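The values are calculated or read from the model by the stated rules, or taken from the named source; none is laboratory data. Please read all numbers here as calculations on a predicted model, not as lab measurements. Every residue, glycine among them, receives a Cβ derived from its backbone with ideal geometry; neighbour counts consider all protein chains shown. The area values use the complete protein model at the heavy-atom level, side chains included, leaving out ligands, DNA and RNA. Shrake-Rupley method; radii C 1.70, N 1.55, O 1.52, S 1.80 Å.
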Amino acid sequence: MCLFCKIIKKEIPAEIVYEDEWNLAILDINPRAPGHTMVIPKVHSQTILDLPEKDLGLLFEAVKKVSLLIKKSLQPEGFTIGINHGKISGQVIDHLHVHIVPRFKDDGGSSVHSVVNNPPKKSLAEIKNKLVKANK
């Protein structure tokens, strides 16, 4: 059983800030900002591709609710919301989780565009054609 499944089952303590029937939100133990929270679906799914369709909307409803909770209580000026999908992207726990990182003026952070710098060698049209072809 993975670490997040144990937290969901309350076998391991965590700072829970939100819970509903389908999701749990906990403070990140290595926060990048005050209020850095992770929203975790209760059904074990390694990545967003593994999460059942019926649970996807519920996950992002919880992300919105937790973001509103953080905004009301900590009053950040914005958020960076993201998913580390797979080990190459920095996913440490093999259970899908959405990071909500509150953003404050002069916090030293940057945009999502700063995560990777690997522009494509093919044209956007070539990439689009490949994506469209895969969808048929």
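Annotations for the structure displayed:
- Odd one out for LYS9, checked against (1) out of contact with any Lys or Arg (no Cβ under 7 Å at 6 or more places or on another chain); (2) under 27 Å from VAL115 (Cα atoms): (2)
- Selection count, the stretch 54-83, where residues are more than 24 Å from GLY108 (Cα to Cα), open to solvent by 40 Å² or more (accessible area, probe 1.4 Å) and among the acidic types (Asp, Glu): 1
- The listed residue being polar (S, T, N, Q), without any contact (Cβ under 8 Å) to a residue 40 or more places away in the chain and open to solvent by 20 Å² or more (accessible area, probe 1.4 Å), out of ASN30, ASN23: ASN30
- Filter result for ALA33 (of a type in the set (A, V, I, L, M, F, W, C) and touching a Lys or Arg at 6+ places or on another chain (Cβ under 8 Å)): yes
- Set LYS71, LYS105: member being within 30 Å of ILE7 (Cα to Cα), of a type in the set (D, E, K, R) and out of contact with any strand residue (DSSP E or B) (no Cβ under 6 Å at 6 or more places or on another chain): LYS71
- Among the conditions (1) open to solvent by less than 100 Å² (accessible area, probe 1.4 Å); (2) at pLDDT 95 or above; (3) under 30 Å from LEU3 (Cα atoms); (4) not aromatic (Phe, Trp, Tyr), the only one that GLY86 does not satisfy is (2).
- The set of residues in the stretch 104-136 that are more than 28 Å from VAL39 (Cβ to Cβ), small (Gly, Ala, Ser) and outside any helix (DSSP H, G or I) contains only SER123.
- Residue in the stretch 5-14 that is open to solvent by 60 Å² or more (accessible area, probe 1.4 Å), free of Cβ contacts under 8 Å to residues at least 12 places away in the same chain, under 27 Å from GLY109 (Cβ atoms) and not acidic (Asp, Glu) present: no
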